[in-house]
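J.: Quick one: structure below, then a few questions.
Where a number appears in this text, it was derived from the coordinates with a stated rule and is not lab data. As the structure is a prediction and not an experimental result, all values here were calculated from the model. Neighbour counts are summed over all protein chains in view; Cβ atoms, including those assigned to glycine, are modelled from backbone coordinates with ideal geometry.
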Amino acid sequence: MIKIRYSLTFLLILSVVGVLAQGRENYEFMRNLPVYADSLIADLTYPLAWGNSDIRDFDAWKQKARDKVFDCMLAPPPAPANGYDVKVLYEEQRDGYKARKLEIRLSRYYTVPAYLLIPDGKGPFPAVNVLHDHGAHLFIGKEKVIRPLACEDTVVVKDAEEWVKNYEGQYFGDYLAQHGYVVFSSDAPMWGERGQKEGPRRDRYDMIAGNMMMYGIDLSAYMTFDDIRATDYLASLPEVDSLRIGCTGWSMGAYRAWMLSALSDHIKAGAAVCWMVTTDEQLSFRYSRTENGGFANCLPGLRRWLDYPHVASIACPKPMLFINGSQDKLFPVAGVKKAFQTMHEVWDSQGVGDRIETELWEMPHSCGLRSQQRVLLFFQKYL
């Protein structure tokens with residue numbers, strides 16, 4: 001018989017851990033939400049939404065709403081002192097298009113790695129900024145939507161090949177390039193080559209985002225500011241027809257797509273796959289899952305003025321496509337339907353109801369071949 005002796009200190013530690021795990025009899029938070037979440041939701045009146053605001057001129061409303069979004073995004077990253085200072089790190093020929101890896105200075109603070117695909121032949125071509133997803137997987141970013149170039153480490157290539165299964169094995173960006181579009185994709189802050197020295201850890205993301213707020217800046221906003229500047233760069237390329245630029249993405253990439261459509265005049269059409277909902281459904285106790293995208297789509301104070309579909313409506317009268325899945329556990333169908341209805345009312349109010357297309361498919365949270373084909377057909381129609 002083996003006797004195991006525990007020190008008094010060790011037993012005390014086990015006791016403390018057990019007590020901490022039990023929690024207190026009285027509490028104020030559960031399931032990631034305050035217990036008064038319903039009261040918070042009831043107090044969200046969205047006074048700046050189109051139809052709620054006392055502004056009746058649509059262009060004036062758009063400017064006011066856009067200004068409020070930028071205000072809630074806090075301080076933007078300072079612009080680079082001497083332009084984008086683009087470096088081509090690698091180039092290879094693919095079937096019908098060239099693939100380049102770039103390094104672009106989007107801010108005085110940092111450079112951003114990106115991929116650029118350029119169709120063979122004589123341009124200028126229509127272009128699409130393809131925005132990568134979240135997936136709680138931070139090791140790769142741009143490589144989720146564009147096949148990694150030969151210069152990349154084999155670990156990166158292998159990881160991308162595994163992740164692209166979420167897109168049914170097809171790289172979204174390469175698919176668009178094969179159909180004649182210049183395609184751009186860059187790493188968002190905290191993803192890929194903009195990640196953590198210690199390695200990608202999802203549990204550190206919110207902590208880092210909180211520390212960024214201590215500097216008076218917002219990490220999610222930096223992602224959107226970068227998307228806007230990257231699109232400005234895309235529009236400046238001689239291979240690109242600056243009047244035919246779109247954006248698309250899945251999941252967080254979809255959020256980035258409708259945000260970019262709302263805030264960038266260079267975007268002429270946007271397509272979002274699996275990211276649209278209303279706050280009252282997203283942050284409710286009615287569902288087993290509560291919002292956990294956290295700081296990836298958090299702009300301080302914005303919900304006091306505008307809900308997600310109200311912000312997306314700043315894109316009106318641009319053509320917009322929204323696809324969501326009825327089996328998507330991240331976005332309750334009730335919230336998706338409410339958001340779709342809100343946006344349709346905005347486009348209808350401006351006499352351009354035919355330019356917004358909202359579709360609820362029988363599918364989970366995914367962006368497979370059918371979704372990508374639908375986005376391509378949308379861009380072929382409008383770009």
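J.: Which FRET efficiency, nearest 0.05, do Ala81 and Phe58 yield, Cβ-Cβ r, R0 35 Å?
T.: Computed FRET efficiency for Ala81 and Phe58: 0.40.
J.: Just want to confirm a number: the relative contact order over the chain, from Cα pairs under 8 angstrom separated by 6+ residues, in percent.
T.: Across the chain, relative contact order equals 17 percent.
J.: Related question: By how many nm would the segment from Ile208 to Ala136 lengthen if fully extended, with 0.36 nm per residue of separation less the alpha-carbon distance?
T.: Using 0.36 nm per residue and subtracting the Cα-Cα distance, I get 24.4 nm.
J.: Something else about it: Which length gain, in nm to one decimal place, applies between Leu33 and Glu362 when the Cα-Cα distance is subtracted from 0.36 nm times their residue separation?
T.: Fully extending the segment from Leu33 to Glu362 adds 115.5 nm.
J.: While we're here: Classify the range 106-251 from the C-alpha gyration tensor, please: rounded if a/c falls under 1.5, else prolate or oblate depending on whether a/b exceeds b/c.
T.: The shape class here is oblate.
J.: While we're here: For the chain, the longest stretch holding no trypsin sites (Lys or Arg not before Pro) located in a DSSP loop with at most 14 other Cβ atoms within 10 Å is which?
T.: In short, 202-285.
J.: Quick check: Cα centre of the range 216-253 to Cα centre of the range 319-383, how many Å?
T.: 20 Å
J.: Of all GluC sites (Glu not before Pro) in the range 124-168, which ones are in loop regions per DSSP and have a Cβ with at most 15 other Cβ atoms within 10 Å?
T.: Here the GluC sites (Glu not before Pro) that fit, given the DSSP loop and packing criteria, are Glu168.
J.: Additional query: At 0.36 nm per residue, minus the direct Cα-Cα distance, what do Lys197 and Thr45 gain on full extension? Give it in nm, one decimal, please.
T.: 50.5 nm
J.: Still on this model: Per Stokes-Einstein, at 10 °C and 1.306 mPa s, what whole-number D in µm² s⁻¹ belongs to the chain, with the Kirkwood radius over Cα pairs as the hydrodynamic radius?
T.: Stokes-Einstein gives a translational diffusion coefficient of 72 µm²/s.
J.: Starting from the range 220-254, pick out the chymotrypsin sites (Phe, Trp or Tyr not before Pro) whose DSSP state is loop and whose Cβ has at most 14 other Cβ atoms within 10 Å.
T.: For chymotrypsin sites (Phe, Trp or Tyr not before Pro) across the range 220-254 that sit outside H, G, I, E and B with at most 14 neighbouring Cβ atoms in 10 Å, the list is empty.
J.: If you don't mind, another one. Using just the helices of the chain, give the 222 nm mean residue ellipticity in deg cm²/dmol: DSSP H runs with n ≥ 4 each add -39,500 (n - 2.57), and the total is spread over all residues, rounded to 500.
T.: Theoretical 222 nm ellipticity from helices: -10500 deg cm²/dmol.
J.: Taking a virtual spin label 7 Å from the Cα of His344 along the C-beta vector, which residues in the range 357-383 bring their backbone nitrogen under 15 Å of it?
T.: Answer for the range 357-383: 357-361.
J.: Springs between alpha-carbon pairs under 10 angstrom, Gaussian network model over the chain: which of Gly135, Gly368, Gly199 fluctuates most?
T.: It is Gly199.
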